[in-house]
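The values are calculated or read from the model by the stated rules, or taken from the named source; none is laboratory data. Fair warning: this is a prediction, and the values are worked out from it, not measured in the lab. All Cβ positions, even for glycine, are placed from backbone atoms using ideal geometry, and neighbour counts span all protein chains on display. Heads up: the accessible areas ignore ligands, DNA and RNA and are worked out on the full protein's heavy atoms, side chains in. Shrake-Rupley method; radii C 1.70, N 1.55, O 1.52, S 1.80 Å.
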Amino acid sequence: MALLRIDTHQHFWRYDPAAYDWIDGSMQPLRRNFSPSDAWTAMQTAGFTASIAVQARQSLDETRVLLALADAHPFIIGVVGWIDLQRPDVDAQIEAVRHPKLVGVRHIVQAERDGFLARRAFRDGIARLERHGLTYDILVYARQLAQAVDFASAFPSQRFVLDHLGKPDIRGRGFDAWRADIDRIARLPHVFAKLSGLVTEADWRSWTPELLSPYVEHALEAFGADRLMIGSDWPVCTLAGTYKEGMDVVITAMARRSEAERDAVLGGTAAKFWNLEVRRV
């Protein structure tokens, strides 16, 4: 029997142009509702049986919606929500959405000005997460990775996961600059990373698995399989291909690795990172 395969990065929404104003004209196919039922259908094409829902709005209401979806759909085994980490009432906000499936929080730092990760108010909020057993997803562009290293270094006992490998500039052939910074953040043992979202950092129409392979391989060298986890970034990934095509970038790379490494990246690392109840299927 194989380990439960966990897609560690999915989004769900009832589309509203004001609430999801980041979905611009270039992302027209995303301007509709995306439900857990839609995700489940896509997951079956690649053999995935569980997922982590991740916030896409800076809203406590969205966090509550995601938790309700997790209650209604057992395959959603965890939720990475949002709270306002810059407010002094972080503990009260967490208590307001406390739920067995709330495993972490995220802020959309990629949309913030440089220096955001150094803000005292934000760091004070991060310092409250560990006592609640919550992880933090780091969402930054590659140009912000150096700031992310300094940020994560300040919290050595907080569990972090870097979304989308730090969003390397694949279109701009930015491998060398990304590699230097990814090596620095990978030296921090409390930072994990998601092998996710790479297809949309490349040219949506012309990417190939061969183009993305060096990023996956270097991440494996830098972090090791026991700190890496696969994710789709569904439905955003559908801008550049099918669900299966995106996941196959990682699955194909792991086919060349040991069974233990495959099991880690395809589900085991996520189970360890979020202390999930994972059964063999």
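Summary table below
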read-out: Dipole moment magnitude, nearest 20 debye, the stretch 90-223 about Cα centre, only Lys, Arg, Asp, Glu C-beta charged; value: 360 debye
read-out: Net charge over other residues, Cβ less than 11 angstrom from the Cβ of residue 87 (K, R count +1; D, E count -1); value: -3
read-out: The stretch 177-272, dipole about Cα centre (Lys/Arg Cβ +1, Asp/Glu Cβ -1), debye to the nearest 20; value: 200 debye
read-out: Stretch gain in nm, segment residue 260-residue 121, where the contour uses 0.36 nm per residue and the Cα spacing is subtracted; value: 46.0 nm
read-out: Accessible surface of the stretch 85-125, 1.4 Å probe, proportion on carbon and sulfur as whole %; value: 49 percent
read-out: Euclidean distance of C-alpha centroids, the stretch 173-197 and the stretch 50-121, integer Å; value: 23 Å
read-out: Spin-label model distance (nm) - residue 208 vs residue 111, 7 Å beyond Cα toward Cβ; value: 3.6 nm
read-out: Lys, Arg +1 and Asp, Glu -1 on Cβ, resulting dipole of the chain about Cα centre, debye, nearest 20; value: 280 debye
read-out: Cα-based Rg of the stretch 120-266 normalised by 2.2 N^0.38 Å, two decimals; value: 1.03
read-out: Residues residue 131 and residue 44, FRET efficiency given R0 of 35 Å [Cβ-Cβ distance, rounded to 0.05]; value: 0.35
read-out: Among 191, 252, 164 - extreme Cα towards positive end, dipole of the stretch 164-281, charges at beta-carbon; value: 191
read-out: Local net charge near residue 222, Cβ-Cβ under 13 Å (Lys/Arg +1, Asp/Glu -1); value: -1
read-out: Net lengthening on full extension, residue 26/residue 190 (0.36 nm per residue, minus Cα-Cα); value: 55.4 nm
read-out: Listed peptides 195-203, 44-52, 242-250 by packing density, highest first (mean Cβ within 10 Å); value: 195-203, 242-250, 44-52
read-out: FRET efficiency, 1/(1 + (r/R0)^6) with R0 25 Å, evaluated for residue 248 and residue 61 via beta carbons; value: 0.10
read-out: Dipole-positive endmost among 102, 142, 125 within the stretch 102-149 (Cβ charges, Cα centre); value: 125
read-out: Solvent exposure of the chain as accessible area per residue, Å², 1.4 Å probe; value: 43 Å²
read-out: Cut-off under 5 Å, modelled amide H: who pairs with residue 234 long-range; value: 11
